[in-house]
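Worksheet: the structure to be examined is printed underneath.
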Amino acid sequence: MTLREFFQEHNRAALAFSGGTDSALLLWAAAQYGAQVQAYFVKTPFQPAFALRDARRLAGELSMPLTVIEFDVLSVPGAAENGPERCYHCKRALFTRLIEAARADGFSLLLDGTNASDDAGDRPGMRALRELSVRSPLRECALTKEDVRRLSREAGLFTWDKPAYACLATRIPTGTAISRDMLEHVEQAEDALAGMGYRDFRVRVCGGAARLQLTGEELTRAFGQREEITRALRPWFPAVLLDLEPRQPSR
């Protein structure tokens, strides 16, 4: 099946839209093939501000409707506690809210951007999607992350080479309770690094310190800028640790 065939068969649907590479291609395909698709962005403390900016930009460029839903994910039982099933509790609650909003707007089908490279296995988040009968057109059309980037580049989407981005909650070690302040500190520290030109990295909480994970190329650069980085992140973290194991580039 191709995306054209999918949207010809399912020409009216709601889309869980993150503003990332995968859901961006789906929104483009819906516009390209004349489907009536309503995009929904769920704004939570787990999402950085740039995600919503990107979502609004792309929806505007494609002239597709976007609805922003505010959701207090930290109030979801099992989310703030940050146990091993956090992703399941979070995704189940978020997509339940999306389904409710979509149904209120007259949509019975909800789509998401899971692609064929994503390891379904028994990952908690994937389990939640299966339980809620969320459809994943990219996966159903056997489109890998490499395919998504290629098609996005051909379509002229600015998201084609956007690094993969996991939610801010993944920066907190499992078992450490998540607070709004902790998430804000991580986001501000990552914004500071991005402002210095770093592109594919993570700022992870390690006790009271920030542990930086960077790709090999950026790791070398960061070592030379260690004093500048420490000063830049000091408003949020009293100590900065540099992980010497290079991070694999996001695909």
(request) Starting from the amide H of Gly19, placed 1.01 Å from N in the peptide plane, find each other amide H under 5 Å away whose residue is 5 or more places distant or on another chain. (result) Ala24
(request) Quickly rank 185-193, 128-136 as a protection proxy: mean count of other C-beta atoms within 10 Å, highest first. (result) 185-193, 128-136
(request) Treat each spin label as a single point 7 Å out from the Cα along the C-beta direction, and report the Glu70 to Asp161 distance in nm. (result) 3.8
(request) In a Gaussian network model over the chain where Cα atoms closer than 10 Å are linked, find which of Met196, Met182, Met126 has the largest mean-square fluctuation. (result) Met196
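Treating the beta-carbon of each Lys and Arg as +1 and of each Asp and Glu as -1, no other charges, what is the dipole magnitude of the chain about its Cα centre, to the nearest 20 debye? Before the final figure, lay out each step's value.
Working: 33 positive and 33 negative charges, 13 e Å.
Taking the Cα centre of the chain as origin, the dipole is about 60 debye.
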(message) Shape verdict for the stretch 67-127, please, from the Cα gyration tensor: rounded (a/c under 1.5), prolate (a/b greater than b/c) or oblate.
(response) oblate
(request) Just add up the charged neighbours of Gly175: K/R +1, D/E -1, any other residue whose Cβ is under 15 Å from the Cβ of Gly175. (result) +1
(request) Note down the relative contact order for the stretch 179-242 as a percent, whole number, built from C-alpha pairs under 8 angstrom at least six residues apart. (result) 36
(request) Would you calculate, for the chain, the mean residue ellipticity at 222 nm contributed by helices, counting each DSSP H stretch of 4 or more residues as -39,500 (n - 2.57) and dividing by all residues, to the nearest 500? (result) -13000 deg cm²/dmol
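Can you classify the stretch 38-196 as rounded, prolate or oblate using the Cα gyration tensor, where a ≥ b ≥ c are the square roots of its eigenvalues, rounded means a/c under 1.5, and otherwise it's prolate if a/b beats b/c and oblate if not? List each step's numbers first, then the result.
On the way: a/c = 1.40, a/b = 1.16, b/c = 1.21.
Judged from the Cα gyration tensor, the stretch 38-196 comes out rounded (a/c under 1.5).
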(message) Can you give the log10 of the normalised intensity I(q)/I(0) at q = 0.19 Å⁻¹, computed with Debye over equal Cα scatterers of the stretch 179-242?
(response) -0.62
(message) What lysines does Lys145 reach when the alpha-carbon gap must be under 16 Å and sequence neighbours fewer than 8 apart in one chain are set aside?
(response) Lys162
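FYI, it's all coordinate maths here, none of it is from the lab. For clarity, every value in this text was computed on a predicted model and none was experimentally measured. Please note: Cβ atoms are built from the backbone with ideal geometry, for glycine as well, and neighbour counts cover all protein chains shown.
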